[in-house]
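Participant: Handing you this structure, nothing more for now.
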Amino acid sequence: MADADIHKAECACGQLSVEVTGEPERVPICGCRFCRKRTGAVYGTGAYFNVAQVNAINGDSTVFRRGSDSGRYIEGNFCPTCGTTLFWKAELWPELLAVAVGCFDDYAIRKADVAVYTEHIQDWASFDTDIPAHKGARPQ
Ligand SMILES: [Zn+2]
Ligand SMILES: [Zn+2]
């Protein structure tokens with residue numbers, strides 16, 4: 001597989017990194033409480049890769065698990081040195097690993113395909129509006 005298909009993301013201090021291959025299966029923009037708190041940003045964007053696409057995870061991470069409105073958990077892995085939540089898993093999608101899009105060092109991650117929990121995003125924070133946007137969860 002060509003090098004162009006390999007994407008590496010790392011935390012703010014560089015201690016924790018993850019390398020993935022290929023295209024993410026899902027790229028949601030999310031304004032839920034977890035995504036806002038884990039980033040400190042007005043919304044979070046995660047690239048969800050199949051766990052088979054994860055080549056390597058290097059460095060130490062601490063796990064933080066929290067519940068969600070649906071009753072399922074989300075488990076975030078953050079760098080104990082700088083605090084960046086680099087990747088996380090949702091109980092809903094056990095076969096996927098989400099990587100924080102802002103932590104990639106290349107700009108080849110494809111555009112987000114959906115926005116969810118938009119009612120929790122500040123009114124002045126806008127994003128590409130030609131993707132489906134939902135005030136709450138993505139309709140099943
Ligand atoms: Zn770090
Ligand atoms: Zn979220």
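The values are calculated or read from the model by the stated rules, or taken from the named source; none is laboratory data. This one's a predicted model, so the numbers in the text were calculated from it and none came from an experiment. So basically every Cβ, Gly included, is an ideal-geometry build from the backbone, and we count neighbours across all protein chains shown.
Participant: Among the residues in the stretch 114-121, are any farther than 30 Å from Ala52 by Cβ and outside any helix (DSSP H, G or I)?
Facilitator: Yes, because at least one residue in the stretch 114-121 is farther than 30 Å from Ala52 by Cβ and outside any helix (DSSP H, G or I).
Participant: When the residues of the stretch 1-28 are filtered to those that are acidic (Asp, Glu) and surrounded by fewer than 18 Cβ atoms within 10 Å (Cβ to Cβ), which remaining residue is farthest from the chain's Cα centre (by Cα)?
Facilitator: Asp3
Participant: Let me ask you something else. Let me confirm something: among Thr81, Thr129, Thr85, Thr118, which residue is within 16 Å of Val27 (Cα to Cα), surrounded by 14 or more Cβ atoms within 10 Å (Cβ to Cβ) and polar (S, T, N, Q)?
Facilitator: Criteria check complete, one pass: Thr118.
Participant: Can you say whether Asp60 is more than 16 Å from ligand 2 (Cβ to nearest atom), more than 17 Å from the chain's Cα centre (by Cα) and under 18 Å from Arg26 (Cα atoms), as far as the supplied structure shows?
Facilitator: no
Participant: Given (1) free of Cβ contacts under 8 Å to residues at least 60 places away in the same chain; (2) part of a loop (DSSP other than H, G, I, E, B), identify the lone condition not met by Ala52.
Facilitator: (2)
Participant: Let me ask something additional. Within the stretch 29-47, is there a residue that is of a type in the set (Phe, Trp, Tyr), under 15 Å from Val116 (Cβ atoms), crowded, with 19+ Cβ neighbours inside 10 Å and touching a Leu at 6+ places or on another chain (Cβ under 7 Å)?
Facilitator: Looking for residues that are of a type in the set (Phe, Trp, Tyr), under 15 Å from Val116 (Cβ atoms), crowded, with 19+ Cβ neighbours inside 10 Å and touching a Leu at 6+ places or on another chain (Cβ under 7 Å), one finds none in the stretch 29-47, hence no.
Participant: Got at least one residue in the stretch 84-99 being more than 16 Å from the chain's Cα centre (by Cα), within 15 Å of ligand 1 (Cβ to nearest atom) and at pLDDT 95 or above? Before you say what the answer is, go through the steps one by one.
Facilitator: Here is the first cut: in the stretch 84-99, the residues more than 16 Å from the chain's Cα centre (by Cα) are none.
The answer is no; no qualifying residue exists.
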